[in-house]
Amino acid sequence: MNFLWVSPHYPPNFQTFIEALDNTEMTVLGIGQEPYDHLSDVLKEHLTEYFRVDDLENREEVIRAVAFLIYKHGPIDRVESNNEHWLELDATIREQFNIAGLRPNDLIPTRYKSEMKRSFKACDAPVVDGELIAAVSEIDEAIEALGGLPVIAKPDSGVGASATYKLESKADVADFKQSWAEEVPYFLEPFVSGELCTYDGLLDQEGNIVFEASFTHNIPTLDIMNESTDMYIVIDREVDPKLREIGRRILSEFNMTERFFHLEFFRLPDGNYITLEYNNRMTGGFVIDAYNHLFSHDLFKHYALVVKDEAFDNPHFKKRLGVVVTRRNETNYQHSLDEIYQHYGDRVRGRDAIRGIIADMQGDQWMLITCEDKSEIDEIVEFTQATK
């Protein structure tokens, strides 16, 4: 079985996918922009071949590279990156070479926020109304239709909180009008105040959920980006049944298979949910590692076995409650990392650096600490993130 991984070097922690696929006796091929000499030892050991291109954004160059790999190694059975930025390229390669999996048209319901909204409404998932606009002249009318300020303005097709505006005043609206060059349509929604939480998991080849989990952000991603603050997330032992029921309705509507999923919601003070986004990938950054540490799981291996349509046997699976805190290198904290280790001992289940553009948003380091119940969360956050 030949598996082509697009941009295997980034993010660094996803290189473990390559190792897991190789260890399940697949031939793993890579294509990317990174020079071979810059690849990690893990990639050099577990990639059968790596083809470097000058520009992954150049579709013609990529297609020629894939054609060469097929000529040399035979038909490719799967193409994946698990990276939001390259999902459309993955789909283009599949369509060009008739490879199993999602094609570009299949991505439309999950790539465009206006299309997502239609799908959410089709399965009665709770949502707020939204307005799609293509010109500055439509902004005022759209805001009025949504009941006035505050509203959130996002590119209809975009990743995360990138190029997102929170419009709370007439001055904010004027700034947005000045900044938006009308190059891409924008989607406007009423601002919702609530806890940002997720429903994450993995689907097998029949679309069955074979892993599920949920975490809650302390503050929305947009605020983290704008304020460059520390953040923390709380990973629950169990998924809230109400959240699970909504999430599974959405998964049934989108009808995906053999993929990770990452659904985002706002949890309101009354315990109800507002659906935000469906992401056709694993949650980004360090969370997959935190899930593995907290649940004594191996999602990298689990994914490889899903691709091979084999069962995953994990007798050591446990469900713990945990808090992941992030810290920034330039911040002067009250407690050093050594002091944190001394204070919490073996309750520190995982720690690593955060690299690349993700570090600008989330911080430079993450650390996972288990707790018995949620009453300990505030103390953990205060001890690990308090500054001098």
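Only the Cβ atoms of Lys and Arg (+1) and of Asp and Glu (-1) were treated as charged; on that basis the dipole of the range 129-190 about its Cα centre amounts to roughly 220 debye. Contact order for the chain, expressed relative to its length and based on alpha carbon pairs under 8 Å spaced 6+ residues apart, stands at 13 percent. Only Cα sites of the range 187-305 enter the Debye sum here, all with the same form factor; the resulting log10 I(q)/I(0) across q = 0.13, 0.15, 0.23 1/Å is -0.52, -0.70, -1.49, listed in q order. Placing a pseudo-label 7 Å from each Cα along the Cα-to-Cβ vector at Ala67 and Asn329 gives an inter-label distance of 4.3 nm. Using a/c under 1.5 as the rounded threshold, could you call the range 302-388 rounded, prolate or oblate? The axes a ≥ b ≥ c are square roots of the C-alpha gyration tensor eigenvalues, and prolate needs a/b larger than b/c, oblate otherwise. Judged from the Cα gyration tensor, the range 302-388 comes out oblate (a/c at least 1.5, b/c at or above a/b). Rolling a 1.4 Å probe over the heavy atoms of the protein chains gives the range 195-385 an accessible area of 43 Å² per residue. Here is the size of the range 2-101 from its Cα atoms: Rg then Dmax, 12.1, 32 Å.
Taking all Cα pairs closer than 8 Å and separated by 6 or more residues, the relative contact order of the range 129-190 comes to 50 percent. Over the chain, dividing the summed -39,500 (n - 2.57) contributions of all DSSP H runs of at least 4 residues by the number of residues returns a 222 nm mean residue ellipticity of -9500 deg cm²/dmol.
Solvent-accessible surface of the range 129-190, taken per residue with a 1.4 Å probe and all protein chains present: 53 Å². Based on the alpha-carbon gyration tensor of the range 195-385 and its eigenvalue square roots a ≥ b ≥ c, which shape applies: rounded if a/c is under 1.5, prolate if not and a/b is larger than b/c, or oblate? It is prolate, given that a/c is not under 1.5 and a/b is the larger ratio. Ligands, DNA and RNA left out, the accessible area of the chain computed with a 1.4 Å probe is 44% carbon and sulfur. Do any GluC sites (Glu not before Pro) in the range 289-388 lie in a DSSP loop with no more than 14 other beta carbon atoms within 10 Å, and if so, which? Here the GluC sites (Glu not before Pro) that fit, given the DSSP loop and packing criteria, are Glu310, Glu330, Glu372. The range 2-46 and the range 291-327 have Cα centres lying 20 Å from one another. Dipole check for the chain: with +1 at the C-beta of Lys and Arg, -1 at the C-beta of Asp and Glu, and the Cα centre as origin, the magnitude is about 500 Debye.
About the Cα centre, and with charges only on the beta carbon of Lys, Arg (+1) and Asp, Glu (-1), how big is the dipole of the range 83-238? Nearest 20 debye, please. Can you show the working numbers first?
Values: 12 positive and 30 negative charges, 41 e Å.
Using only the charged Cβ atoms, the result is roughly 200 debye.
Counting only protein heavy atoms and using a 1.4 Å probe, the accessible area of Ser169 comes to about 40 Å².
Once the piece of chain linking Ala122 and Ser169 is laid out straight, how much longer is it, given 0.36 nm per residue of separation minus the C-alpha distance between them? Each step should come with its number before you reach the end.
Numbers: separation 47, 0.36 × 47 = 16.92 nm, distance 3.28 nm.
Stretched fully, the Ala122-Ser169 segment lengthens by 13.6 nm.
The modelled label-to-label distance between Asn314 and Glu60, using points 7 Å beyond Cα along the C-beta direction, is 4.5 nm. With the alpha-carbon atoms of the chain aligned to their principal axes, the span from lowest to highest coordinate is 60, 56, 40 Å, starting with the largest. The heavy atoms of Asp313 offer some 130 square angstrom of accessible surface to a 1.4 angstrom probe. Each of Leu43, Val28, Tyr112 was placed along the dipole of the range 22-125 (beta-carbon charges, centred on the mean Cα), and the one lying farthest toward the positive end is Tyr112.
The values are calculated or read from the model by the stated rules, or taken from the named source; none is laboratory data. Because the structure is predicted, anything quoted here is derived from the model rather than measured. Methodologically, a virtual Cβ is constructed for each residue, glycine included, from the backbone with ideal geometry; neighbour enumeration extends over all protein chains shown. What goes into the accessible areas is simple: the full protein's heavy atoms, side chains included, and nothing from ligands, DNA or RNA. Shrake-Rupley method; radii C 1.70, N 1.55, O 1.52, S 1.80 Å.
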